[in-house]
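Take a look at the structure below.
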Amino acid sequence: MTQYLPPNLLALFAPRDPIPFLPPVDKLTWEKRTDGYSGVSYLMSRFEDPKDTPPPTRVETREERLERKRREKAEQMQYKLEQEIALWDPHNNEAGTADPYKSLFVSRINYDTSESKLRREFEIYGPIKKIVMIHNVKTGKPRGYAFIEYEHERDMHSDLPCWLVCSRDL
């Protein structure tokens, strides 16, 4: 049946060359006579003195490195937070409102809503002192909520319809 196989497959079934003959060794290792084993004491002078050896250096493991970096980052954030708290003055905050009792929080605002559109919708209840729309610090896009500060507290407490305050279509 193998005579029908192509030559490249027939080469796979060809016999290998015979194992070459090697003459036997004179004596086996356990039959050889030796001069005996000598110690290493004559090599001791080549070793350095243990007093002169530097102490081994400790290598930081992966877990220790990750823990150290996490700790350093936490300390850095704590320091930065302490610095910002020390420099923060709530009385000189331009974005904040002067009187929280005159301020109205409006949420779920459409991202395309402008400050003038908010002013137009809420000015019918009283004069508005300031409108602060909150934006993302990195991208500058609106976050979907705003603070409206009225000039008088009674204007803020006027009967605002719920659909106006809760609407996403402003």
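The values are calculated or read from the model by the stated rules, or taken from the named source; none is laboratory data. Keep in mind it's a predicted model, so treat the numbers as computed, not measured. Cβ coordinates were reconstructed from backbone atoms using ideal geometry, including for glycine residues, and neighbour counts include every protein chain displayed. With ligands, DNA and RNA removed, areas are computed over all heavy atoms of the protein, side chains included. Shrake-Rupley method; radii C 1.70, N 1.55, O 1.52, S 1.80 Å.
A few notes on this one:
- Number of residues in region 125-143 that are more than 12 Å from Phe105 (Cβ to Cβ) and within 30 Å of the chain's Cα centre (by Cα): the value is 9.
- For region 101-115, a residue qualifies if it is part of a helix (DSSP H, G or I) and within 21 Å of His135 (Cβ to Cβ), and exactly one does: Glu115.
- The single condition among (1) of a type in the set (S, T, N, Q); (2) open to solvent by less than 100 Å² (accessible area, probe 1.4 Å); (3) farther than 30 Å from Ile131 by Cβ that Gln76 does not satisfy is (2).
- Verdict on Tyr145 being modelled with pLDDT of 90 or more, in a strand (DSSP E or B) and open to solvent by 60 Å² or more (accessible area, probe 1.4 Å): yes
- In region 85-107, the residues that are open to solvent by less than 70 Å² (accessible area, probe 1.4 Å) and at pLDDT 80 or above reach residues that are in a helix (DSSP H, G or I) and of a type in the set (D, E, K, R) with C-beta atoms within less than 6 angstrom, at least six apart or across chains, in these pairs: Lys102/Glu153.
- Glu63 vs. criteria surrounded by 10 or more Cβ atoms within 10 Å (Cβ to Cβ), acidic (Asp, Glu) and modelled with pLDDT of 95 or more: no
- Some residue of region 6-25 being at negative phi, in a loop (DSSP other than H, G, I, E, B) and modelled with pLDDT under 85: yes
Results for (1) farther than 30 Å from Arg154 by Cα; (2) in a helix (DSSP H, G or I), shown as yes or no for each residue.
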position: Asp52; (1), (2): yes, no
position: Glu64; (1), (2): yes, yes
position: Ala74; (1), (2): yes, yes
position: Lys80; (1), (2): yes, yes
position: Thr97; (1), (2): no, no
position: Met133; (1), (2): no, no
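- Here Tyr79, Tyr125, Tyr37 are screened, and the one residue that is without any contact (Cβ under 8 Å) to a residue 40 or more places away in the chain and touching a helix residue (DSSP H, G or I) at 6+ places or on another chain (Cβ under 7 Å) is Tyr125.
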